[in-house]
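Worksheet: the structure to be examined is printed underneath.
The values are calculated or read from the model by the stated rules, or taken from the named source; none is laboratory data. Just so it is clear, the model here is predicted, and its values are computed rather than measured. Don't worry about glycine lacking a Cβ; one is built from the backbone with ideal geometry, like all the others, and counts go over all protein chains shown.
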Amino acid sequence: MSPSLANSTYPLAARVFAKPPSIDLYQPGRLGVAHMLALFNVSRATFYAGTKTDRYPKPDGHDGSKPFWKTATVREFLDR
């Protein structure tokens, strides 16, 4: 590390957070994995582990290899 960087007031590595997608659970539609991660504020690994233990809802179906959840299913899950 160069001496000029060591004395800098800026951090060497900064975390960058993705902007969560807008989610309206009162409109019919499908939610993808990114929506679910933003909604529950967890990592992908935690979310998939939680779907296996029923902590988070299981997908309603798959579009090819991508899972999706219906907004009604997620709304019911959050209301319980």
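Consider Gly61 carefully, then state whether it is modelled with pLDDT of 95 or more and loosely packed, with under 13 Cβ neighbours inside 10 Å. The answer is yes for Gly61. Of all residues in the range 28-53, those satisfying the criterion of being part of a loop (DSSP other than H, G, I, E, B), out of contact with any helix residue (DSSP H, G or I) (no Cβ under 9 Å at 6 or more places or on another chain) and either among the aliphatic types (A, V, I, L, M) or at pLDDT below 95 (or both) are Gly32, Asn41. For Leu25, the criteria (1) over 13 Å from the mean Cα position of the chain (by Cα); (2) surrounded by 13 or more Cβ atoms within 10 Å (Cβ to Cβ); (3) modelled with pLDDT of 95 or more hold in every case but one, which is (3). Condition check for Pro67 on (1) in a strand (DSSP E or B); (2) surrounded by fewer than 13 Cβ atoms within 10 Å (Cβ to Cβ): one failure, at (2).
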